[in-house]
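Novice: Mind looking over this structure? Questions follow.
The values are calculated or read from the model by the stated rules, or taken from the named source; none is laboratory data. Note that the structure is a prediction, hence the values are computed from the model and not measured. Reconstructed Cβ throughout: ideal geometry from the backbone, glycine too, with neighbour counts over all protein chains shown.
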C-alpha cells in the first residue's frame, strides 16, 4: 500500500442493481459494456503528464507577455484548462481499486494534489456520493438540492471560488500545525475542514487508523509545500505580487470551472433528504456526448458522461465515449438512459434555473 494514497473505490454496492426500476435494466446495460472496465495505465500516465507539463509551461509564460495581451490571456486560459484537467484525475483515483495504479497515485499527489492543495484524502468521502443509502442525503457532501431551493443557492454556489483558494491555504498552512498540538482542533478539522465537498454542513465521519496515517502524511507534505512557498516569499525581500495574483486568479478560475460543471452534473431534484434508489441516482444525473472537443474542456476526464459514471462508477474515463455509443445504440428506445442526454451546457443550466425559479414561485 502506498504511503501517499491507499486509494478508495466507490463501486455500486452488491445487490443494489435489484433495486433499479423494471424498465431500466442494469444487467442489460452491463452486458453491453462488459469488456470496457479495464483502465489503461498508459493513457492515464500520458494524459496526466502531458497536461501537467504543458500547463506548467503556460503558467510560466503568462507573466512573460504584456498585461491583458491576447498572448497572455491565451496562456492563462490554457493554464486553467490544463490544470483543471490534471486535478480532475482525483476523481478517477477514487474509483480504481486500491491496489492498482499505486505509482500513479503517488505521482499525482506529488505533482498535482499537494501543490494544488487537494491531496487525495480530501476526496475519500466521494464514496458516499455513490452509496444507495447516502446519495442525495445530508450524509452526501457532494449534493445540494439546487432545483428545490431557488436561484439564490445557485448564485451563492458560483461565488464560492472567490474564497475557496484562500481557505485551502489557511487550512493547510495554519490549521494543520495546530492539529499537532490540540486534539480538539484535530477532531474539528477532520470533521469540518478535510473534505472536498459542496455542502458546507457536511460532517466527515471518523477514519480508521490506517487511513489516518496516510491522511497525516499528506497533510504534512502539503503544509511543507505551503511553508516552503511562504519562506521563499519572505526571504526574497519583497512580495512577488504578480506571482501571487496569478496563482490566486488561476485557483479561482479552476474552482469556478468545477462549480459550473457541477451545476449540470445532476438534476439536483432530491430536496427531501431521503435515500434514492440506484436507478433514481442515475436518472438524477446527465450526459453531454455532443460537441466533444468543447465539452471536454469544461467537463474533462469523463465528467461529461456523469450519468454513465453513476451507472458504472468503475468504468475508466477513456472508455466512456465508446460505452455511451454502445448503450445509445443497443438499449431499447424506451430505456430511460436516452432521457439523460443534454445537447449543451446552456440547455442543462437553463433547465436547472427554471426548476429553481418554479420552486421559488411555488
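Yes/no matrix, rows are residues, columns are (1) loosely packed, with under 12 Cβ neighbours inside 10 Å; (2) at negative phi; (3) more than 22 Å from the chain's Cα centre (by Cα):
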| position | (1), (2), (3) |
| --- | --- |
| 158 | no, yes, no |
| 165 | no, yes, no |
| 172 | no, yes, no |
| 180 | no, yes, yes |
| 186 | no, yes, yes |
| 191 | no, yes, no |
| 203 | no, yes, no |
| 208 | yes, yes, yes |
| 215 | no, yes, no |
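Novice: A further question follows. Among the residues of the stretch 40-58, is there at least one that is modelled with pLDDT of 95 or more, in a loop (DSSP other than H, G, I, E, B) and over 19 Å from the mean Cα position of the chain (by Cα)?
Specialist: Yes: the stretch 40-58 contains one or more residues that are modelled with pLDDT of 95 or more, in a loop (DSSP other than H, G, I, E, B) and over 19 Å from the mean Cα position of the chain (by Cα).
Novice: Report yes if residue 89 is within 30 Å of residue 280 (Cβ to Cβ) and within 24 Å of the chain's Cα centre (by Cα), otherwise no.
Specialist: Answer is yes for this residue.
Novice: Moving on. With (1) assigned to a loop (DSSP other than H, G, I, E, B); (2) more than 19 Å from the chain's Cα centre (by Cα); (3) modelled with pLDDT of 95 or more as the list, and residue 116 as the residue in question, which single condition is left unmet?
Specialist: (2) is the only condition that residue 116 fails.
Novice: Now, a different point. With the structure loaded, tell me whether residue 36 is in contact with a helix residue (DSSP H, G or I) (Cβ under 7 Å, 6 or more places away or on another chain), modelled with pLDDT of 95 or more, closer than 23 Å to residue 214 by Cα and surrounded by fewer than 21 Cβ atoms within 10 Å (Cβ to Cβ) or whether it fails that test. Give the derivation first.
Specialist: Details: in contact with a helix residue (DSSP H, G or I) (Cβ under 7 Å, 6 or more places away or on another chain): yes; modelled with pLDDT of 95 or more: yes; closer than 23 Å to residue 214 by Cα: no; surrounded by fewer than 21 Cβ atoms within 10 Å (Cβ to Cβ): yes.
Taking the combined requirement at face value, the residue does not satisfy it.
Novice: Here's something else I'd like to know. Quick check on my filter: what residues within the stretch 217-230 are surrounded by 11 or more Cβ atoms within 10 Å (Cβ to Cβ) and closer than 30 Å to residue 67 by Cα? Please lay out each step first, then the result.
Specialist: Our first condition is that a residue be surrounded by 11 or more Cβ atoms within 10 Å (Cβ to Cβ); within the stretch 217-230, this holds for 217-227, 229-230.
Residues satisfying the conditions are 225, 226, 227, 229, 230.
Novice: From the residues in the stretch 232-254 that are surrounded by 11 or more Cβ atoms within 10 Å (Cβ to Cβ) and farther than 23 Å from residue 161 by Cα, which one is modelled with the lowest pLDDT? Break it down stepwise before answering.
Specialist: Restricting attention to the stretch 232-254, the residues satisfying the condition of being surrounded by 11 or more Cβ atoms within 10 Å (Cβ to Cβ) are 232-233, 240, 242-254.
The next check asks that each one be farther than 23 Å from residue 161 by Cα; those that pass are 232-233.
Working: 232: 89, 233: 85.
The extreme case among them is 233.
Novice: Select from the stretch 182-204 the residues that are under 27 Å from residue 110 (Cβ atoms) and either touching a strand residue (DSSP E or B) at 6+ places or on another chain (Cβ under 9 Å) or assigned to a loop (DSSP other than H, G, I, E, B) (or both) and list them in ascending order.
Specialist: Listed by number, the residues that qualify are 193, 194, 195, 196, 197, 198, 204.
Novice: Within the stretch 239-259, does at least one residue satisfy the condition of being part of a loop (DSSP other than H, G, I, E, B), over 24 Å from residue 112 (Cβ atoms) and free of Cβ contacts under 8 Å to residues at least 12 places away in the same chain?
Specialist: So the first thing to find is which residues in the stretch 239-259 are part of a loop (DSSP other than H, G, I, E, B), and the list is 239-240.
This time we only want the ones that are over 24 Å from residue 112 (Cβ atoms), so: 239.
Those still in the list that are free of Cβ contacts under 8 Å to residues at least 12 places away in the same chain too: 239.
Yes, the conditions are met somewhere in the stretch 239-259.
Novice: Please indicate, with yes or no, whether at least one residue in the stretch 260-278 is surrounded by 16 or more Cβ atoms within 10 Å (Cβ to Cβ), in contact with a strand residue (DSSP E or B) (Cβ under 7 Å, 6 or more places away or on another chain) and not in a strand (DSSP E or B).
Specialist: Yes, that holds for at least one residue.
Novice: Are any of the residues in the stretch 318-330 within 25 Å of residue 78 (Cβ to Cβ) and in contact with a strand residue (DSSP E or B) (Cβ under 8 Å, 6 or more places away or on another chain)? Before the answer, list the steps.
Specialist: Our first condition is that a residue be within 25 Å of residue 78 (Cβ to Cβ); within the stretch 318-330, this holds for 318, 320-321.
Those still in the list that are in contact with a strand residue (DSSP E or B) (Cβ under 8 Å, 6 or more places away or on another chain) too: 320-321.
The answer is yes, given that some residue of the stretch 318-330 is within 25 Å of residue 78 (Cβ to Cβ) and in contact with a strand residue (DSSP E or B) (Cβ under 8 Å, 6 or more places away or on another chain).
Novice: What helices (runs of 4 or more DSSP H) completely inside the stretch 285-362 contain at least 3 residues that are surrounded by fewer than 20 Cβ atoms within 10 Å (Cβ to Cβ)?
Specialist: On the way: elements: 292-298, 306-311, 320-330, 345-361.
Per the criteria, 292-298, 320-330, 345-361.
Novice: Quick check on this structure: which one of 67, 82, 93, 73 is buried (at least 21 other Cβ atoms within 10 Å of the Cβ), without any contact (Cβ under 8 Å) to a residue 60 or more places away in the chain and out of contact with any strand residue (DSSP E or B) (no Cβ under 9 Å at 6 or more places or on another chain)?
Specialist: 82
Novice: Quick check: is even one residue across the stretch 126-134 under 20 Å from residue 222 (Cβ atoms) and either in a helix (DSSP H, G or I) or free of Cβ contacts under 8 Å to residues at least 40 places away in the same chain (or both)?
Specialist: Kept after step one, since they are under 20 Å from residue 222 (Cβ atoms), are these residues of the stretch 126-134: 126.
From the residues that got through so far, the ones that are either in a helix (DSSP H, G or I) or free of Cβ contacts under 8 Å to residues at least 40 places away in the same chain (or both) too are 126.
Yes - at least one qualifying residue is present in the stretch 126-134.
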